[in-house]
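Working notes, beginning with the structure itself.
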Amino acid sequence: MTADGLQQSARAVVGASWFGLTYLVGQHVLRKHPPLIRGLVLTNRCNLRCQHCRVFERDPMDLSFAEVTAAVDAFYREGGRCLYLEGGEPFLWRDGSHRLDDIVEHAHGRGYLTVVVYTNGTLPLHTSADTVFVSVDGLQGTHDALRGASFERIMRNIRESPHRSLFINFTINSRNKDELRAFCDYVEGVKKVRGVFFYLHTPYYGHDALELGSAERQRVLKELLSLCGSYRILNSRAGLQSALRNAWARPLKACSVYEEGVVYECCRYAGDPELCRQCGYLSYAEIDQVLKLRPSAIANALKYF
């Protein structure tokens, strides 16, 4: 990393640490509960047809740049400082001459501490966002069966990206549940990747063939716990143990999603008790453990910056 990159990284850590400290003091001492993270759904368009997702069945939608900036500004006024840009595929978003980085730059100019992009990685990973999460759901054969023939292109984009903070999102399901260690071994050889965050498949559209049974969920979580010390796994021990107990707070009121003018607390599917019970969105388990001051969760959260 260059000297400028090191300085930028140090500033990000200091800024995030200070914000985190004041946020936790507000929660635990002052009993205030300001918002923390907002996901901003920019587009329904996507260039993949993944087995677990139906976004491609929706009508095409791109938010206008004016609506995006209004939503970004509104969340900042509410106290939010962490913005997640998602889709569809966010790198496909456009409004006239505006592209994804215009949103990133607006958010940074507004004062956001971190802007995160969630992408399928099939397009070049050139962005000024602070962190990029790329979805990869297994080794080549498994990933391509789940998401379409894209693994080689994604890994090439990762290796060629100049971005300093790239991570992989891996969603565990019935097709890829037996290759967690093998995938971690593979990622050890991809130095551009700073770590892997694991999720569990959530049956948003009803029970399906990708769903893990309760015994399998327990098994894979225990396996992840056993792998934590040996690989660059972003899930903390506290977060995985909370997932084992299925005990993190839901709905998680510190987080929200903005989609087409509507703000959803926690996620777009909140309010379904059965779906909440089967939730595999383990980043929320991490946030819950950070808010509960679990040291391993706090330490892992700082790795994002």
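Just so you know, all these numbers are worked out from the coordinates, no wet-lab data involved. Note that this is a predicted model, so its numbers are computed, not measured. Cβ: placed from backbone, ideal geometry, glycine included. Neighbour counts: every protein chain shown.
Please label the shape of the chain as rounded, prolate or oblate, based on the square roots a ≥ b ≥ c of the eigenvalues of the alpha-carbon gyration tensor (a/c under 1.5 means rounded; beyond that, a/b larger than b/c means prolate, else oblate).
rounded
Starting from the Cα of Gln51, step 7 Å along the direction of its Cβ; do the same at Arg99; then give the gap between the two resulting points in nm.
3.4
Report, by chain and number, residues whose modeled amide H sits under 5 Å from the one on Phe197, excluding near sequence neighbours (fewer than 5 apart, same chain).
Correct list: Ile168, Asn169, Phe170, Leu234.
Rounded, prolate or oblate, given the Cα gyration tensor of the stretch 30-81, with a/c below 1.5 counting as rounded?
oblate
Going through the stretch 257-305, which GluC sites (Glu not before Pro) have at most 14 other Cβ atoms within 10 Å and a DSSP loop state?
Details: sites: Glu259, Glu260, Glu265, Glu274, Glu286; in loops: Glu260.
Passing both the DSSP loop test and the Cβ count: Glu260.
Where nothing but the Cβ of Lys and Arg (+1) and of Asp and Glu (-1) is charged, how large is the charge dipole of the chain around its Cα centre, in debye to the nearest 20?
Once rounded to the nearest 20, the dipole reads 1020 debye.
Under 5 Å between amide hydrogens, which residues at least 5 positions from Met61 or on another chain qualify, with H placed 1.01 Å from N in the peptide plane?
The answer is Asn44, Arg45.
Amide H neighbours of Leu85 under 5 Å, counting only residues 5+ apart in sequence or on other chains, H built in-plane at 1.01 Å?
Leu40, Val116, Val117, Tyr118
Taking the Cβ-Cβ separation of Glu216 and Ala149 as r and a Förster radius of 30 Å, what is the calculated FRET efficiency to the nearest 0.05?
Working from the Cβ atoms, E equals 0.65.
Taking the Cα of Arg232, stepping 7 Å toward and past its beta carbon, and measuring to each backbone N in the stretch 271-305: which are under 16 Å?
Residues 300-305 qualify, since their backbone N sits under 16 Å from the label point.
Suppose R0 equals 45 Å. What FRET efficiency, 1/(1 + (r/R0)^6) with r the Cβ-Cβ distance, do Asn246 and Met61 give to the nearest 0.05?
Using R0 = 45 Å, I get an efficiency of 0.85.
For every helix of n ≥ 4 consecutive DSSP H residues, a contribution of -39,500 (n - 2.57) applies; sum these over the chain, divide by its total residues, and give [θ] at 222 nm rounded to the nearest 500 deg cm²/dmol.
Working: 11 runs with 123 residues, N = 305.
Calculated mean residue ellipticity at 222 nm is -12500 deg cm²/dmol.
If you average the alpha carbon positions of the stretch 42-83 and of the stretch 188-244, how far apart do those two centres end up, in angstrom?
That distance is 26 Å.
Rounded to the nearest Å, what's the spacing between the alpha carbon centres of the stretch 153-177 and the stretch 264-287? Just the number, please.
Computed from Cα coordinates, the inter-centre distance equals 23 Å.
Can you check what the net charge comes to around Gln241, using other residues whose Cβ is under 14 Å from the Cβ of Gln241 (Lys, Arg +1; Asp, Glu -1)?
Working: positive: Arg217, Lys222, Arg237, Arg245, Lys292, Arg294; negative: Glu223, Glu286, Asp288.
Residues close to Gln241 contribute a combined charge of +3.
Among His106, His201, His143, which one shows the highest mean-square fluctuation when the chain is modelled as a Gaussian network with alpha-carbon springs under 10 Å?
Greatest mean-square fluctuation among the candidates belongs to His106.
If you stretched the chain out fully between Glu188 and Ala74, how much longer would it get, using 0.36 nm times the residue separation minus the C-alpha to C-alpha distance?
Stretched fully, the Glu188-Ala74 segment lengthens by 37.0 nm.
Relative to a virtual label point 7 Å from the Cα of Leu123 in the Cα→beta-carbon direction, which members of the stretch 51-90 show backbone nitrogen distances below 18 Å?
Residues 55-69, 84-90 fall inside that zone.
According to a simple spin-label model (label point 7 Å from Cα along Cα-to-Cβ), what is the distance in nm between His207 and Arg181?
Output for this residue pair reads 3.2 nm.
Taking springs between alpha-carbon atoms closer than 10 angstrom, which of Thr142, Thr114, Thr131 fluctuates most in the Gaussian network model of the chain?
Per the Cα network of the chain with a 10 Å cutoff, Thr142 tops the list.
Explain nothing, just compute: Karplus ³J(HN,Hα) = 6.51 cos²θ - 1.76 cosθ + 1.60, θ = phi - 60°, for every residue of the stretch 265-280 in order, whole Hz, x for Gly and Pro.
Residue by residue, the stretch 265-280 yields 6, 6, 8, 6, 10, 4, x, 9, x, 5, 5, 4, 5, 9, 4, x Hz.
Can you tell me which of Phe19, Phe75, Phe170 moves the most in a GNM of the chain? Springs connect C-alpha atoms under 10 Å apart.
Evaluated over the chain, the most mobile residue of the options is Phe19.
Once you list every other residue whose beta carbon is under 9 Å from the beta carbon of Val41, what net charge do they have if Lys and Arg are +1 and Asp and Glu are -1?
Combined, the nearby Lys, Arg, Asp and Glu give -2.
Counting only DSSP beta bridges with both residues in the chain, what percent are antiparallel, rounded to the nearest 5? Could you put the intermediate results ahead of the total?
Values: 6 of 34 bridges.
Close to 20 percent.
I need the helices of the chain that pass two filters: whole DSSP H segments spanning 18 Å or more by Cα along the axis, and mean Kyte-Doolittle score no lower than -1.0.
Numbers: long enough: 3-28 (37 Å, 0.24); 65-78 (20 Å, 0.30); 214-227 (20 Å, -0.27).
Qualifying helices, which must be both long enough and hydrophobic enough, are 3-28, 65-78, 214-227.
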